[in-house]
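Working notes for the structure below.
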Amino acid sequence: MNFSVPGSQRVLIADDEPAIVLSLEFLMRRCGIVTDIARDGEEALAKAASFAPDLILLDVMLPRRSGLEVCRALRGQEATRNIKIILLTAKGGHTESERGLSMGADLYVVKPFSTQELVSQVKRILESATGATDGGAR
Amino acid sequence: MLQGWIIVCASFAYIGFLFAIAYFADKRADQGRSLISTPYIYALSLGVYATAWTFYGSVGRAASDGVGFLPIYLGPTLMMILWWFVVRKMIRISKINRITSLADFVASRYGKSALLGGLVTVIAVVGILPYISLQLKAISTSFSILLQYPEIVMPAKAGATGIFNDTAFYIAIFLASFTIAFGTRQLDVAERHEGMVAAIAFESLVKLIAFISVGIYVTFAMFDGPADIFSRALAQPDLASLVAPFGAAAGTYMSWIWLTMLSMLAILFLPRQFQVAVIENVDEKHLNKAVWLFPLYMLAINLFVLPIALGGLLHFGTGSVDADTFVLTLPMAEKQEWLALLVFIGGLSAATGMVIVETIALSTMVCNDLVMPLLLRVTRLRFMQHGNLSMLLLDIRRAAIVLILMLGYFYYLVAGEAYALVSIGLISFAAVAQFAPAVIGGIYWKDGSRLGALAGLSAGFVVWVYTLLLPAFAKSGWIPQEIIEHGPFAIELLKPLQLFGLTGLDQMTHAMLWSMLANIGLYIGVSLLGRQSAAERIQATLFVDVFSQTGDRTGFWRGTASVSSLQSLVGRFLGPARAADLFDTYAKSRGVASADALESDARLVRFAEIQLAGAIGAASARVMVASVVEEEPLGVDEVMAIIDEASQAIAQSNELKIKQAELEVATRELRSANERLRELDHLKDDFISTVTHELRTPLTSIRAFSEILHDNPDLDAEERTRFLGILVKESERLTRLINQVLDLAKLEAGAAEWRIATLDLRDLVEDATSATEQLFRSNRIELTTDLPDNLPPVVADRDRLMQVMLNLLSNAIKFCESGIGRVQVSLRCEDGSVRVDVRDNGIGIASENQQLIFEKFRQVGDTLTDKPQGTGLGLAICREIVGHFGGRLWVESALGSGATFSFSLPAQAASAT
């Protein structure tokens, strides 16, 4: 069920590095976004269903299930198909980014990232999401 | 009647007039209506090349060598006509890089090397001293002669009257004060001295007029025209040879060529020539007219040299009157007092022109390239607190001017009588010729390196001292003649005038040959054999490719500093008002209303650096700006840029200054670690990609929190502290990681350095356990040992084995539970090897993981809790180490019942105890 507070957006942060999680939390919080955390692939899938985020910041290297698998699984399920996904990875290169996008991710960001860049991308993607799904007045 | 006071008054009046011209020109320059921006003044200022040497000495030389005086003027003429584009390139480079002197030019080209700048300065000062003493000699001699009017008496030897009765001494003092008044009234950003240039141009005119006047007088009044003089000369056999070029007296082809080449170099590299031709140049286009105006001047001033010489010889005969003085003594002999006075003033003009420009140029070099770098090195911290430094700079220059002139005077005392004027001057020419390889190589050959320049310059200078300066001192009796005749310590091969047995050359050619051989040889050789630093490469490209560079080169600063800190830094050297002016003008050129609204970016930093370079030289400016920006100007890697952002974020927090120091150390280590990383180019691909992956993880949080701290100045203190703490921890983690990666890579590549020794493992284990005692205690884990005696020794690297032991012990601690944990270390000897076991009763390792943990970057642990703090490399490194000495490292364990890590090393034959 959707418990969204009217007007505020939700982002799930899936990464096993506590420091990175902390920084992402801070950045999202600054934008008035509500966050939740998952520390491995299984937890990420579970929370995608329960927390029902608008967007997931998904690390590719997660224990138990890799970020790419999570991505594919999310896209395969009706309930989670429309969640926006930003993949975060420390591996660069075209092949990696193509793989990620082909798995259904909306964006592929290489670590280390620029915080300003990331925040503006998150905002942009969230805006396009509400624009698409929201037919009329909120 | 020509009494002493008339001469002195005339001199002072003339000098005063010069001063007025200079003052007026400076005033006009300040108003923006420059008096000197015409090519005619530029060309005339180049005439400062003609000094008292030209005025007096050429005639002297012509009297003994006939046409042999010419090469010294042929050289500059050829230089201008054929190779003016070299000058143009030097002008362009100097304008763009705000070069303030010859030393600055060389230093800047070779990676802004302060050492090179200092060396050039020293060579220039020592090399020019003879030349300055020449001027002093000329003025004092001409003064003494004129004083004796109407009698013609050659003055006493230098120093015969004691210093305080010596006219030359007072002339030196007077010239020093005059130069100080002339050139050190204010600090100009670009080291331009418009007043000086105007005065010099005027002086060139005066000396030309004086010389031509006496020339016309001698040729047409004393004799009946040039034809008359020459026919009379040809009639006397000993004079006839003077008229023929390449006659025996005029010198050989060799010496003509050498002298011409020497003077070609001199017209470029004499500090005063560099100053007026390059630094003081107002507009590059002036060069186009100067190309033919200057040779014209040379022609004009040399036209009457031979006639005057011949006239003097004909009139006085040889021997009684020094030929150097003919220009003066001929009018005196004919009782032409006003002409004689004019000639004296002309000679004075020539000499003072040289001394002023040369001394100003030298004092600038001494200040910017010798004193300032030394001061910066010694008192860096206190310097930063100084208020207005421009007064300090000016004082340093004034002291330098006095020093140089006093040294010039002492050279005159010591060696002034050894040679005729011309020879003294040529010694200086040979000195500055040493700059040629480094400078010309510098602007045309990108591979010329700093070390090459240093080697070449030093070698050339040493040979110069040995083959020219030494003999001059010996001739005056200050060092024993035996050295000249038989070589030092009677080594014949090292005779200063015939090095390595090369005979048959005159002294100048000989000296030039050897010094240039050493100089060019070492410059090219060392440059080719060595490598350049990144800074050198960049400067080399800037210089050699100066004509293909367009647009705004933003320079190579990666960090930034605030506008106000940059402005106040510049203000400390140029004065706050001037700095504000400069910054405001710059702001407007960037399309911004005022300096405060300027964005503090790399371009601004470069702008500040350039302004400072104008005052204190490029090398010192770089140091000063670097200290404000707090980082190296050549970050080349993304990693560097991110690490630098982290440094600045921490710098903003006052309470955590200590952490800042730690971070800086890590940054430096990271930088050098990164350097080393790049050199290990045979790493396997997956290793590389894994490593970079692992590195990026802590880097991500470092960057993220740096940016967060930077973008959110209103963070509350608690969060701020927390984030800074994370920054530090992650940086430490990154450092550990990199250290271990490098360690492992070195070990795998076989590039590690081993200190092999015979060890007693029992000792080692005991040391290891006592080292970790504290750790055991604070984690409340019990440690027991079982170490028998009389174990055979092993051969290994002690430090490395210690590394292995510490790693195993700390692993054991990590996986034990506090309070009930127990670790036991035991030693055994079995099957020809010595074995060490570290057993713990912790959580143990599942069998599927037991091989995994030795792999790189693999860690196992309770994944529901925090990620393990290690890097995943420790066991891999241990395995490498043990394996290197022919041993084994393995583990026995079952999940839930602890683990035993063991390694064994081959035992050596037991030595008798």
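The values are calculated or read from the model by the stated rules, or taken from the named source; none is laboratory data. It should be emphasised that the depicted structure is a prediction, and the values quoted were computed from it without experimental measurement. Every residue, glycine among them, receives a Cβ derived from its backbone with ideal geometry; neighbour counts consider all protein chains shown. Keep in mind that these areas ignore ligands, DNA and RNA; they rest on the heavy atoms of the full protein, side chains included. Shrake-Rupley method; radii C 1.70, N 1.55, O 1.52, S 1.80 Å.
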Problem set entry | Tail beyond 18 Å, pair distance distribution of region B:704-769 (Cα, percent) | 65
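Viscosity 1.567 mPa s, temperature 4 °C: give me the Stokes-Einstein translational D for chain A in µm²/s, with Rh taken as the Kirkwood radius over C-alpha pairs. Before the final figure, lay out the partial values.
On the way: Rh = 14.9 Å.
The calculation lands on 87 µm²/s.
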Exercise. Cα-Cα over 28 Å: which of B:Lys27/B:Lys289; B:Lys289/B:Lys588; B:Lys89/B:Lys137?
Worked result: B:Lys289/B:Lys588; B:Lys89/B:Lys137
Seminar exercise, completed: Within 10 Å of the Cβ of an average residue in B:705-712, the count of other chain Cβ atoms is 4
Exercise. Quick one: which bits of region A:85-116 get at least 40 Å² less accessible when the partner protein chains are in, versus the chain alone, with a 1.4 Å probe?
Worked result: A:Ala90, A:Pro112, A:Phe113, A:Thr115
Problem set entry | Distance between modelled label sites at B:Thr721 and B:Asn849, nm, 7 Å Cα→Cβ extension | 3.5
Seminar exercise, completed: Working note, region B:37-179: Cα radius of gyration (Å, one decimal) and Dmax (Å, whole number) are 19.5, 60
Seminar exercise, completed: Between the alpha carbon centres of region B:695-713 and region B:85-150 the gap in Å comes to 52
Seminar exercise, completed: Of the listed links B:Lys285/B:Lys446; A:Lys84/A:Lys123; B:Lys475/B:Lys495; A:Lys47/A:Lys84; A:Lys111/B:Lys657; B:Lys657/B:Lys729, those spanning more than 19 angstrom between alpha carbons are B:Lys285/B:Lys446; A:Lys111/B:Lys657
Exercise. In µm²/s, what is D for region B:245-355 at 4 °C and 1.567 mPa s, where D = kT/(6 pi eta Rh) by Stokes-Einstein and Rh is the Kirkwood radius from Cα pairs?
Worked result: 76
Exercise. For A:19-29, what's the mean count of beta carbons from other chains sitting within 10 Å of each residue's beta carbon?
Worked result: 5
Exercise. Tell me, how many Å apart are the Cα centres for region B:4-70 and for region B:201-242?
Worked result: 21
Exercise. For A:Ile13, what is the net charge nearby, where nearby means another residue's Cβ is under 12 Å from its Cβ and Lys, Arg count +1, Asp, Glu -1?
Worked result: -3
Problem set entry | Sorted largest first, extent of region B:435-513 alpha carbons per principal axis (Å) | 45, 25, 19
Problem set entry | Cα-projected label distance for B:Lys657 with B:Phe500, points at 7 Å along beta-carbon direction, nm | 5.9
Problem set entry | Sparse-neighbourhood loop sites, chymotrypsin sites (Phe, Trp or Tyr not before Pro) in region B:443-500 - DSSP loop, at most 13 other Cβ within 10 angstrom | B:Trp478
For this session: Using only the Cα atoms, work out Rg/Rh for region B:1-106, with Rh taken as the Kirkwood radius, to two decimals.
Result: 1.07
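If packing is taken as the average number of other Cβ atoms within 10 Å across a peptide's residues, how do B:311-319, B:274-282, B:356-364, B:621-629 rank, most packed first?
Averaged packing, sorted descending, gives the order B:356-364, B:274-282, B:621-629, B:311-319.
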For this session: Can you find, among B:Ala210, B:Val891, B:Val378, the residue farthest towards the positive end of the dipole of chain B? Put +1 on the C-beta of Lys and Arg, -1 on that of Asp and Glu.
Result: B:Ala210
Problem set entry | Alpha-carbon radius of gyration plus Dmax, which is the widest Cα pair, for chain B in Å | 37.4, 124
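Please state the charge dipole magnitude for region A:1-123, taken about the Cα centre, from unit charges on C-beta atoms (+1 on K and R, -1 on D and E), reported in debye and rounded to the nearest 20.
Value, rounded to 20: 200 debye.
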Exercise. Scattering from the C-alpha atoms of region A:1-80 alone, worked out with Debye: what is log10 I(q)/I(0) at q = 0.12, 0.13, 0.16 1/Å?
Worked result: -0.31, -0.36, -0.55
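If you roll a 1.4 angstrom probe over the protein chains with everything in place, what fraction of the accessible area of the protein assembly as shown belongs to carbon and sulfur, to the nearest %?
Carbon plus sulfur share of accessible area: 58 percent.
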Problem set entry | Compactness relative to 2.2 N^0.38 Å, alpha carbon Rg of region B:693-831 | 1.44
Seminar exercise, completed: So B:Ala240 and B:Leu403, fully extended at 0.36 nm per residue minus their Cα-Cα distance, gain in nm 54.1 nm
For this session: Over the protein assembly as shown, average the accessible area per residue using a 1.4 Å probe and give it in Å², no decimals.
Result: 42
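I need the calculated FRET efficiency for the pair B:Val8 and B:Ile209, taking r as the beta carbon distance and R₀ as 25 Å, to the nearest 0.05.
0.70
Please report the buried accessible area for the interface of B with A, total over both chains, probe 1.4 Å, in Å² to the nearest 100.
On the way: alone 38820 and 7700 Å², together 44380 Å².
Buried: approximately 2100 Å² between A and B.
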For this session: Any chance you could list the semi-axes, whole Å, largest first, of the equivalent ellipsoid that the Cα gyration tensor gives for the protein assembly as shown, using √(5λ)?
Result: 78, 37, 23
Exercise. Roughly how many debye, to the nearest 20, is the charge dipole of chain B about its Cα centre, given +1 on each Lys and Arg Cβ, -1 on each Asp and Glu Cβ, and no other charges?
Worked result: 1820
For this session: Determine the principal axes of the Cα atoms in region B:169-230, then give the extent along each, sorted from largest to smallest and rounded to whole angstroms.
Result: 55, 30, 14
For this session: Work out, step by step, the length gained on full extension between B:Asp601 and B:Ser672: first 0.36 nm times the residue separation, then minus their alpha carbon distance; give nm to one decimal.
Result: 23.0 nm
